[in-house]
Amino acid sequence: MKSTASPGRWTGLLVSGLLLLTAVFLGLLIGAEQHVLIVLFMLLLLSLPMFYLAVFGYADQRAMLLCAGFLLMFFAQTLQSRGVPAGYLLEMVMFLFMLSSLREVLRVAQADATLRWVVAFFLMYFALALASTLLGRSGWRGAAWQLQYNLKLPLMFALGMLLVAPVHAQAMLRRFVAWTWVLFLPFLLFELVAYGAFMKLFGHSPSDHVNVLLPFMRGLRGPFIHAGYLSLMCGLLASGAAAFWLQGLGRRWLGYAAIYTAIAVCAGQRQELMALLLVYLVFALVQGRRHTGWLAVGALAGVACLLIAVLVLEQNPFSELMRQWGGGRASDMSERAVLTEGGMRVAEQYFPLGSGLGTYGGAGAQRFDQSLFIDLGFNRYWWFRQRIFLVDTYWPSVAAEAGYPAAMLVLCAFLLIWCGLLRRAASADGAAHRPLLLTGLAALTLQLANSPTSAGITDPRGAFVFWLLIGCAWRASVGHRASSVESIRRHRPVDFSVRYLPS
């Protein structure tokens with residue numbers, strides 16, 4: 001009998017032949033200076049992993065996505081201060097796993113009616129946004145840029161669904177909560193001790209000003225490009241530490257929460273600190289009576305700090321917050337307030353569908369089409385004429401570009417996710433994965449509390465890990481509920497005594 005060659009040999013020869021043909025074809029394109037064809041060919045090669053992951057799928061069993069998310073966010077923020085756009089690495093990861101993450105969302109949605117409503121709300125929003133783009137005043141470049149920008153938020157949430165093992169995701173979160181303050185400390189000390197050298201090394205930031213919470217010092221930003229990012233990340237880590245403490249894992253986690261809260265105060269960002277206090281309030285409502293004494297002490301300390309801020313400090317650190325939300329006299333209104341008022345005018349003028357993607361208040365309009373700003377008379381503002389205005393108007397931008405109905409759809413999707421996590425965290429009392437649910441709830445609370453004056457909720461540089469945790473927590477809650485329903489159906493109690501975290 002004749003022996004046939006092994007399949008592995010022929011597979012290796014085939015792969016080698018394809019690589020050789022690919023290199024030859026690319027060389028011919030380069031030699032012929034066919035730049036357009038070179039770009040298209042490279043895009044085709046880059047898309048092959050996406051098609052592979054779409055066909056075979058991907059599931060993160062070891063929480064490597066969460067680990068990479070934390071590290072890439074720190075890396076991107078540090079390099080961004082030197083003008084290196086490393087934040088695109090986060091977008092590369094997000095779009096690379098896009099098809100697999102969407103498949104996972106649809107699979108999880110089969111067992112979760114609430115998630116099906118969330119998906120439906122997002123789909124209806126994008127349908128209205130595309131309709132407004134076709135019928136409004138959008139240019140194709142601004143609309144395309146804004147569309148991909150708006151897609152990042154649901155894609156980050158979907159990417160979190162690929163973290164299929166709560167045991168490893170929670171263990172990874174535990175490590176970052178316990179040790180990230182050690183990473184922040186050298187940057188903060190360097191910034192305090194040698195401010196001039198720190199500025200030369202990491203560059204200036206819009207947040208380089210006096211700390212309105214602690215007037216005797218500057219607002220610290222650490223390894224981030226803006227103090228707001230440091231404050232928001234510390235809020236997330238403090239919330240995670242509080243969640244582990246509420247799980248009964250020891251008072252050292254309460255110490256970690258205090259450390260991150262103190263760093264957030266040193267950052268001097270009022271709204272981010274208020275968002276963290278809101279998270280603590282939500283935790284108190286969820287936890288109930290188990291830690292009434294500690295919660296009462298924390299509430300009294302928070303009220304005392306607010307009273308000191310109002311009565312003692314020369315500048316009330318919260319007095320200008322309403323102006324940032326659009327309140328106050330027109331002459332005193334900040335850039336954010338002007339953009340907020342203008343967005344409401346655009347939404348009313350182009351009711352009900354809005355002016356179209358890439359026309360107002362977003363990254364697409366800032367890059368490609370500022371004609372609507374000029375029509376609204378923004379040329380009278382010096383900050384607009386110098387092109388240094390902030391794109392910090394998430395909700396007015398959504399309402400202006402896609403209409404009030406579309407903005408309500410997005411709001412309903414957020415509220416469904418938030419209420420779902422709140423209800424499931426409250427019902428998972430004693431479950432080992434409860435800290436993950438509480439941290440996901442805190443991540444969404446922090447982002448929503450900052451969304452009225454910041455578009456960071458959809459910016460991977462400041463929200464990547466937040467949405468990963470939200471998606472992972474939601475998936476863990478669905479698995480917990482499915483296990484509970486199956487146990488009830490079989491008349492067997494569910495055993496949640498197995499500890500996911502190592503001792």
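The values are calculated or read from the model by the stated rules, or taken from the named source; none is laboratory data. Nothing here was measured: the structure is a model prediction, and the numbers come from that model. Note that we place each Cβ from the backbone using ideal geometry, even for glycine, and neighbour counts take in every protein chain shown. The accessibility values were calculated without ligands, DNA or RNA, using every heavy atom of the protein model including side chains. Shrake-Rupley method; radii C 1.70, N 1.55, O 1.52, S 1.80 Å.
Across the range 55-125, C-alpha contacts under 8 Å between residues 6 or more apart give a mean separation that, scaled by the residue count, equals a relative contact order of 24 percent. Measuring nothing but protein heavy atoms, the accessible surface of the range 411-467 at 1.4 Å probe radius is 68 percent carbon and sulfur. Dividing the mean sequence gap of close Cα pairs (under 8 Å, 6+ apart) by how many residues the range 369-459 holds gives a relative contact order of 35 percent. The modelled label-to-label distance for the pair L189/D375, using points 7 Å beyond Cα in the direction of Cβ, is 5.6 nm.
With the simple spin-label model, which puts each label point 7 Å out from Cα in the Cβ direction, the H209 to L285 separation comes to 3.2 nm. Set the Förster distance to 56 Å, then compute FRET efficiency between A144 and W179 from the Cβ-Cβ distance, nearest 0.05. With a Förster radius of 56 Å, E is 0.85. Here the accessible area of the range 227-283 is 70 percent carbon and sulfur, with a 1.4 angstrom probe and all protein chains present. Each Lys or Arg adds one and each Asp or Glu subtracts one; over the other residues with Cβ under 12 Å from the Cβ of C472, this totals -1. The Cα center of the range 182-196 and the Cα center of the range 222-237 differ in position by 14 Å.
Solvent exposure of the range 196-283 amounts to 35 Å² per residue of accessible area, where only protein heavy atoms count and the probe is 1.4 Å. Annotation: extensible slack from A59 through R82 equals 4.8 nm (criterion: 0.36 nm per residue apart, minus Cα-Cα distance). For the range 69-117, the set of trypsin sites (Lys or Arg not before Pro) satisfying both a DSSP loop assignment and a count of at most 15 other C-beta atoms within 10 Å is given as R82.
Loop-located trypsin sites (Lys or Arg not before Pro) across the range 204-259 with a Cβ neighbour count of 12 or fewer within 10 Å are R251, with loop assigned by DSSP. Under the simplified labelling scheme, the L415-A111 pair shows an inter-label distance of 2.9 nm, with each label point 7 Å from Cα along Cα→Cβ. Ignoring ligands, DNA and RNA, what percent of the 1.4 Å accessible area of the range 86-159 is carbon and sulfur? Answer for the range 86-159: carbon and sulfur cover 74 percent of the accessible area.
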